[in-house]
Amino acid sequence: MAANQWWASESFWRKTAIWVTGGSFVALIFLTMDTIPQISSGSKRVPAYSVINHRIEYKFDETRHVQVPVIGAKEPLFGKELTEEEAEALVKLGKLTTQSKNCMNCHTLLGNGAYYAPDLTKSWLDQYWGTKEVREEQMLAFIKDPSDKVHNSMGRRMPKLEITDEEARGVVAFLKWMSSIDTNGFPYNFKSIEQEN
Amino acid sequence: MATLGMLDSANLNGGQKLAVKYFTVAIVLFGAQVLFGLLSGLQYLYPDFLYGVLDFSVNRMVHINALVVWLLYGFLGSVYWLLEEESQHEVVGLKLGNLIYWVLTAAVTVVVLVYLLVQIGPGKESSIWLINEGREYIEAPRWADIGIVVSVLVVFYNVAATFSKGRYTGIAGVLVLDMLALFGIYLAGMFYTTNISIDQYWWWWVIHLWVEATWEVMVACIMAYGLMKVLGVSRKIVETWLYIEVALMFGSGILGLGHHYFWIGTPEYWFSIGGFFSALEPIPLVAMVVHAVFDAGARHVKNNNHPAMAWLIAHAFGNFFGAGVWGFMHTLPQINLYTHGTQWSASHGHLAFFGAYATIIIAMFYLGVQRWRGGVWMSGDLPGNGWKWKWSLGLLNLGMIGMTVAMLISGYVQSQIERAIEGSSWTGYFAAQIHPWFVQGMWWREAFGVMFLVGFILLVWDLLTIGKGESRPMQVVVSHD
């Protein structure tokens, strides 16, 4: 090895390693400082928790060429309008429930998790729930006891996870709020529930 | 000095004695990982199997957590293994190191028992503190998180203090800084937030920056040490390569983080950053293949530990294909839109973790067992022509490649039917899951999983018996320091 060449020397590469690592890390810090405000709740991409008081749709955006969530008219969850604090408390209960019941080791959320069960990112908008009139009741019943409901011909069934009424409402609130996040068009070509009046 | 052919801890230095303990737990957890992987794979085929007793969520959680923890044990063991030789100094704070080993192992046992017996809790923060956090890969309850940070911090202290009292080599410098990052980045995953976008943003710091940056640099250090020990490559060459690999790995890996920020709510500029830097991520892995294969060739594959050398080469290729090729295959946003969160991810995950990490730790196991038996002969001409290590090498690698390809085929079907055609709806998901091609992929995955298990059993058998009663001392490889 031509050890006397500058490009093959140990010290050149040591310095390069240090500068490249430091530079990348500094760039990451700056990008993080720019990204975090853009994904804080209440931002354009990640709406405030009180978005659960509104209708949410998933529509094709002609300029961005992706489907994006559209926040529509007032349509409070379970027919009751919540303040920002109440909405946050309910969504928090829902997310805590999804974590303590280990949902992510079967389902994916925002595409991350396991693949044994469907993605929950836009599940609030899924056609599976029939019509928007029966959706909330169906979701509550399903979350509380899914075990006797056949999901598919393979017999893959979600277990009953001792979820209380209030926790189930929280989970629905969390799912509704999550469906309002702008995920850059993921999942692609999603066919959402019929919501026209 | 040494008693050849007999397991005798008098053959080991202080750090190596501790390393053997770490390696032992690592192998046990490796076995648990394989077992729970087979159980969860079986549930794809027979969903009623253990339904309501050990559900898929539990089995899969144990499967992936055992993976993370056994690799961590493997790394910590490897670091203790090379510490005294590298620094030419006794491990500072060895007693504390031993104590922390027992504390960590007790904690891991409690966590696994809680996973299996308690499983879930109410939707309160107390569940996250005591049962599990419900966040893929870092499910460990918060109390255990704190324990892990303290443990890694103690190992970091031992390593840094030992090197600063003894010889401070190039490997030492990289290792110390890497361990600092190893415990520092873990902190990013240790809080609760209701905002799932922010939650996932930091979650990826732990998952990606650990796995695709600090762990890769950790294995580069171990590889450097391994090539010096097994092949006798000179330190100057090895350390120059190490710096090259660190530059390429951190240079591509830190901002390569962006490929996880496509769909979690983050701004669109991550498309370009993530796409560009993750396209660079395979380059350091190519460098590593060149490094290992060139050195082996330059020395006419003359080495003092055939199984370890074979696993080092398996690592170089496994890292390149699993992490590099299989990762790059679906890392660009145009493709990732369809493949993210499907069996493609599982396919990549399996080959990458095995190829990049499991392989090199197995190489360290062989280095360990050779020294533990007093530095026995482990070159050619082993009794039975070394059939056990050769078969286990073959079965583990073939089993893994088989699983990977099977899941990739299922992944193709899934991304076509569920994503492209059915638009990711609930019914689309199940339409893909019941498609015969998908199901066949899952069958092949399970079959190759069994092959992997056989390879694992052979590996354990071989590690327990190789060099037993061997009277020849190990071949000397000449290092030109």
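The values are calculated or read from the model by the stated rules, or taken from the named source; none is laboratory data. Model, not experiment: these values are computed from the prediction. Glycine gets a Cβ as well: all are built from the backbone with ideal geometry, and neighbour counts include every protein chain shown. What goes into the accessible areas is simple: the full protein's heavy atoms, side chains included, and nothing from ligands, DNA or RNA. Shrake-Rupley method; radii C 1.70, N 1.55, O 1.52, S 1.80 Å.
Report the percentage of all Cα-Cα pairs in chain B whose separation exceeds 36 Å, rounded to a whole percent.
Counting every Cα pair in chain B, those more than 36 Å apart make up 27 percent.
What is the distance in Å between the Cα centres of region B:410-481 and region B:279-355?
14 Å
Report B:Phe456's accessible area, 1.4 Å probe, all protein chains in place, as a number in Å² to the nearest 10.
Rounded to the nearest 10, the figure is 20 Å².
Treating the angle as unsigned and between 0 and 90°, give the value, to the nearest 10°, between the Cα long axis of helix A:132-144 and the longest Cα principal axis of chain A.
The angle comes out at about 70 degrees.
Measuring with a 1.4 Å probe in the full set of protein chains, what accessible area per residue, in whole Å², belongs to region B:337-383?
20 Å²
Express in whole angstrom the spacing between the alpha-carbon centres of region B:143-214 and region A:68-104.
34 Å
Using a 1.4 angstrom probe on heavy atoms only, work out the carbon and sulfur share of the accessible area of region A:5-47 in %.
73 percent
What total accessible area, in Å², is buried where chains B and A meet, using a 1.4 Å probe and rounding to the nearest 100?
7600 Å²
I'd like the FRET efficiency for B:Leu35 and A:Glu162, computed as 1/(1 + (r/R0)^6) with the beta carbon distance as r and R0 of 22 Å, rounded to 0.05.
So, using R0 = 22 Å, E works out to roughly 0.25.
What number, rounded to the nearest 500 deg cm²/dmol, is the helix-based mean residue ellipticity at 222 nm of the protein assembly as shown, given -39500 (n - 2.57) per DSSP H run of at least four residues and division by all its residues?
-20000 deg cm²/dmol
Given a 1.4 Å probe, how much area per residue of region B:172-240 is accessible, in Å²?
20 Å²
Normalised by the residues of region A:53-197, what does the relative contact order come to in percent, with Cα pairs under 8 Å and at least six apart?
31 percent.
Can you grab the distance from the C-alpha centre of region B:230-266 to the C-alpha centre of region A:112-134, Å, no decimals?
Value for the Cα centre distance between the two parts: 38 Å.
Rank A:Val20, A:Val68, A:Val46 by mean-square fluctuation in a GNM of chain A with C-alpha springs under 10 angstrom and give only the top-ranked residue.
For chain A, modelled as a Gaussian network with Cα springs under 10 Å, the answer is A:Val20.
Contact order normalised by length for region B:87-155, with contacts defined as Cα pairs under 8 Å and 6 or more residues apart; what percent is it?
Relative contact order of region B:87-155: 31 percent.
Check each residue of region A:158-196 and keep those whose accessible area, probe 1.4 Å, is at least 40 Å² smaller with all protein chains in place than in the chain alone; give them in order of residue number.
Those residues are A:Pro159, A:Asn184, A:Phe186, A:Tyr188, A:Lys191.
Would you list the P(r) distribution for region B:102-258, with all Cα-Cα distances sorted into 5 Å bins from 0 and each bin expressed as a whole %?
Percent of pairs per bin, in order: 2, 8, 15, 17, 17, 15, 11, 8, 5, 2, 1, 0.
As I understand it, the value is the acute angle between the Cα axis of helix B:387-414 and the longest principal axis of the Cα atoms of chain B; what does it come to in degrees, rounded to 10?
On a 0 to 90 degree scale, this one is about 20.
Could you pull out the longest piece of chain A with no exposed loop GluC sites (Glu not before Pro) in it, calling a site exposed if DSSP puts it outside H, G, I, E, B and it has at most 13 other Cβ atoms within 10 Å?
Here the longest segment lacking exposed loop sites spans A:63-161.
Ignoring ligands, DNA and RNA, what percent of the accessible area of region B:144-202 is carbon or sulfur (1.4 Å)?
Carbon and sulfur: 76 percent of the exposed surface of region B:144-202.
In a shell of Cβ-Cβ distance under 15 Å around B:Leu42, excluding B:Leu42 itself, what net charge do Lys and Arg (+1) and Asp and Glu (-1) give?
Net charge around B:Leu42: 0.
At what distance in nm do the modelled label points of A:Val134 and A:Lys15 sit from each other, each positioned 7 Å from its Cα along Cα→Cβ?
Those two pseudo-labels are separated by 7.3 nm.
Quick one: with all protein chains in place, what share of the accessible area of region B:1-101 is carbon or sulfur, to the nearest percent (1.4 Å probe)?
C and S atoms contribute 66 percent here.
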